[in-house]
Amino acid sequence: MSEPAFPDFRPSGNAAADPDLYDVENRAIDPAGTLLDAMRDTAPWAGATIVDLGCGTGYWLDHYRDAGEAIGVEPDRRLRQRARRHHPDARIVAGSAEHLPLPDGSVDVVHARFAYFFPPGCDAGLREVQRVLAPGGRLVVVDNDHRHGEFATLLARSAAATPQGRAETTDRWWAEQGAGRREVMSAWQFASRAELESVLRLEFPATVATPWLDAHPDATGLSYGYVLFSVGAR
Ligand SMILES: C[S@@+](CC[C@H](N)C(=O)[O-])C[C@H]1O[C@@H](n2cnc3c(N)ncnc32)[C@H](O)[C@@H]1O
């Protein structure tokens, strides 16, 4: 049976452009597990049903081994097929933030890691996530911290990635939803200089990546701030 298509989703400029390299990036993004610990503390998933919304290559599905059930939801057909190939034991379904193929009140925790929730204009997805959350359930969204860490400096230099006032707009939208906000300082740490260079060039134009690399000739990583926004079931 053919799966539904989601023509309104936006293919990601990084994960869809180079999924292998995006897995290299994912391996580097949380070397001490600080981010994952904060996500777990915000909404524990041991024994619970958890959805990784916009799961991309499926990289994070392996980190939910103690969940009751982990479900990856991904609108991009090519990424979905790749995720299934690389994570054959995982349940990965066609869907998007606006169209979740899951029953009402059936999920305890929803994670969206750099996926869909780039406010404003995320009302449809938030409504749909609320529909599937069980009483006591929680949505946890991972976004970039545009104010703290070396990565934030790079974002600030990349006009396309940070339209004026992006951090303020994002904070305001989440505050209007009654969301919790938590900053997590972590790091990117790569196995080699070549990996750092490749990933920086995936994420940023040469006008941003090259001067930073030239100014940090020995770096194999950088400091990276994340912000977790979280909303409980209504
Ligand atoms: C930057 S990638 C992050 C992938 C994954 N969350 C990770 O951290 O490895 C963004 C993902 O969001 C997905 N996406 C795009 N539009 C979406 C939507 N409307 N609902 C859910 N996911 C969406 C993309 O296809 C892509 O897989």
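Listed by position, the strands (runs of 3 or more DSSP E) contained in the stretch 64-134 that have at least 1 residues being modelled with pLDDT of 95 or more, among the acidic types (Asp, Glu) and in contact with a helix residue (DSSP H, G or I) (Cβ under 9 Å, 6 or more places away or on another chain) are 69-74.
Residue-level check: of (1) closer than 25 Å to Asp23 by Cβ; (2) open to solvent by 50 Å² or more (accessible area, probe 1.4 Å); (3) not in a loop (DSSP other than H, G, I, E, B), Tyr226 misses just (2). Screening Arg82 with (1) of a type outside the set (A, V, I, L, M, F, W, C); (2) in contact with a Ser or Thr (Cβ under 8 Å, 6 or more places away or on another chain); (3) closer than 24 Å to Ser198 by Cα; (4) surrounded by fewer than 21 Cβ atoms within 10 Å (Cβ to Cβ) gives one miss only, at (4). Restrict the check to the stretch 155-176 and report whether at least one residue is touching a helix residue (DSSP H, G or I) at 6+ places or on another chain (Cβ under 8 Å), at pLDDT 95 or above and open to solvent by less than 60 Å² (accessible area, probe 1.4 Å). No, the conditions are met nowhere in the stretch 155-176.
When Arg182 is tested against the conditions (1) touching a Phe, Trp or Tyr at 6+ places or on another chain (Cβ under 9 Å); (2) assigned to a helix (DSSP H, G or I), the lone failure is (2). Residue pairs whose Cβ atoms lie under 9 Å apart, sitting 6 or more positions apart in sequence or on different chains, and linking a residue in the stretch 131-144 that is away from the ligand (no atom under 13 Å from the Cβ) to a partner that is basic (Lys, Arg), are Leu133/Arg234.
Does the stretch 92-100 include one or more residues that are of a type in the set (Val, Ile, Thr), free of Cβ contacts under 8 Å to residues at least 40 places away in the same chain and open to solvent by less than 30 Å² (accessible area, probe 1.4 Å)?
Within the stretch 92-100, one or more residues are of a type in the set (Val, Ile, Thr), free of Cβ contacts under 8 Å to residues at least 40 places away in the same chain and open to solvent by less than 30 Å² (accessible area, probe 1.4 Å).
Is it the case that Thr210 is modelled with pLDDT of 95 or more, outside any loop (DSSP other than H, G, I, E, B) and open to solvent by less than 40 Å² (accessible area, probe 1.4 Å)? Here the answer is no, as Thr210 does not meet what is asked. Checked against (1) within 13 Å of the ligand (Cβ to nearest atom); (2) open to solvent by 30 Å² or more (accessible area, probe 1.4 Å), Gly105 passes all but condition (1).
Applying the selection to the stretch 101-123, what residues are more than 17 Å from the chain's Cα centre (by Cα) and in contact (Cβ under 8 Å) with a residue 12 or more places away in the chain? If the condition is that a residue be more than 17 Å from the chain's Cα centre (by Cα) and in contact (Cβ under 8 Å) with a residue 12 or more places away in the chain, then Pro101, Leu102, Pro103, Asp104, Gly105, Ser106, Val107, Asp108 are the ones that fit. When the stretch 1-39 is limited to residues that are more than 16 Å from the ligand (Cβ to nearest atom) and not small (Gly, Ala, Ser), the one that is most open to solvent (accessible area, probe 1.4 Å) turns out to be Met1. Filtering the stretch 1-35 to residues that are of a type in the set (A, V, I, L, M) and farther than 25 Å from Arg201 by Cα leaves Met1, Ala5.
Of everything listed in (1) part of a strand (DSSP E or B); (2) out of contact with any Phe, Trp or Tyr (no Cβ under 9 Å at 6 or more places or on another chain), the single unmet condition for Arg172 is (1). Of the residues making up the stretch 73-89, those that are under 21 Å from Val141 (Cα atoms) and either more than 9 Å from the ligand (Cβ to nearest atom) or among the aliphatic types (A, V, I, L, M) (or both) number 3.
The values are calculated or read from the model by the stated rules, or taken from the named source; none is laboratory data. None of the values given here were measured: they were computed from a predicted structure. Because the Cβ atoms are built from the backbone with ideal geometry, glycine has one as well, and the counts that use them run over all protein chains shown. For accessibility, only protein heavy atoms count, side chains too; no ligands or nucleic acids. Shrake-Rupley method; radii C 1.70, N 1.55, O 1.52, S 1.80 Å.
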